[in-house]
Amino acid sequence: MRSVVGGTFKVLFLFFASLCAWYSGYLLAELIPEVPLSNAVYSVQSIGAKPVIKAPAPKRQKCDHWTPCPQNTYAYRLLSGGGRDKYAKICFEDELLIGEKTGNVARGINIAIVNYVTGKVIETRFFDMYEGDNSGPMTKFIQSAPQKSLLFMVTHDDGSSRLKDDAKNAIEALGSKEIRNMKFRSSWVFLASKGFELPAGIQREKINHSDSKKNRYSGWPAEIQIEGCIPREPS
């Protein structure tokens, strides 16, 4: 009789133990979120691995410079036109002074005059040097710039065909070394100051001539640019 009771007790014990194990497994399955096996294997493999540190996206600088200008300086970028459709641009302190988006760029020589003390644009104009007599008006515009002015000049398409000596003299007086070397459709950019001197290390001028063997565009040389930082007037 005792052996029967003992056997029955063992059977009941095994039954309840199996029931408890099943229920524990059920609870565990409910608590653990479902993930693919590959993810689980990757998680195990990644234990102890060095964390991957992603570099932050580079911060955009004024006038699309690669590096920021120092404090108390103005950022500038001059870009000549390229071919028929790539228009010239003048950017100053991250403001597009002349360009396609502003609608004030055209064939010839494009000029922006900026107040050096305040950093505010005074006026922008373009002068067609392929048609019309615009060399005289451009000369007067350049000479009308007040003292303590920055002058930015860029070509789009042709800036030389009707460029006369009066304009060349006015631009040369501002420090240009290349204005008399301008040829048909030369790409040219120039930064000048009036009433004060720019530091010697600032890039001020660049020119690229049309060459049928080297032109980037059909009949046009590649566009050129200069950029830099202009120290502000000490307060």
Residues located in the stretch 80-99, provided they are open to solvent by 30 Å² or more (accessible area, probe 1.4 Å) and modelled with pLDDT of 95 or more: Tyr87, Lys89, Glu93, Asp94, Glu95, Leu96
In the stretch 217-229, residue nearest to Gly82 (Cα to Cα) [restricted to those that are out of contact with any Pro (no Cβ under 7 Å at 6 or more places or on another chain), at pLDDT 90 or above and open to solvent by 40 Å² or more (accessible area, probe 1.4 Å)]: Glu223
Residue in the stretch 61-79 that is open to solvent by 80 Å² or more (accessible area, probe 1.4 Å), modelled with pLDDT under 85 and part of a loop (DSSP other than H, G, I, E, B) present: no
Some residue of the stretch 171-182 being among the small types (Gly, Ala, Ser), open to solvent by 20 Å² or more (accessible area, probe 1.4 Å) and not in a loop (DSSP other than H, G, I, E, B): yes
Only one of Ala145, Ala106 that is touching a residue at least 24 places away in the same chain (Cβ under 8 Å), in contact with a strand residue (DSSP E or B) (Cβ under 6 Å, 6 or more places away or on another chain), open to solvent by 10 Å² or more (accessible area, probe 1.4 Å) and part of a loop (DSSP other than H, G, I, E, B): Ala106
Residue, farthest from Gly81 (Cα to Cα), within the stretch 171-203, restricted to residues that are at pLDDT 95 or above and within 22 Å of the chain's Cα centre (by Cα): Leu191
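The values are calculated or read from the model by the stated rules, or taken from the named source; none is laboratory data. Note that the structure is a prediction, hence the values are computed from the model and not measured. All Cβ positions, glycine included, derive from the backbone under ideal geometry; neighbour counts span all protein chains shown. Accessible surface is based on the protein model in full, side chains and every heavy atom, while ligands, DNA and RNA are left aside. Shrake-Rupley method; radii C 1.70, N 1.55, O 1.52, S 1.80 Å.
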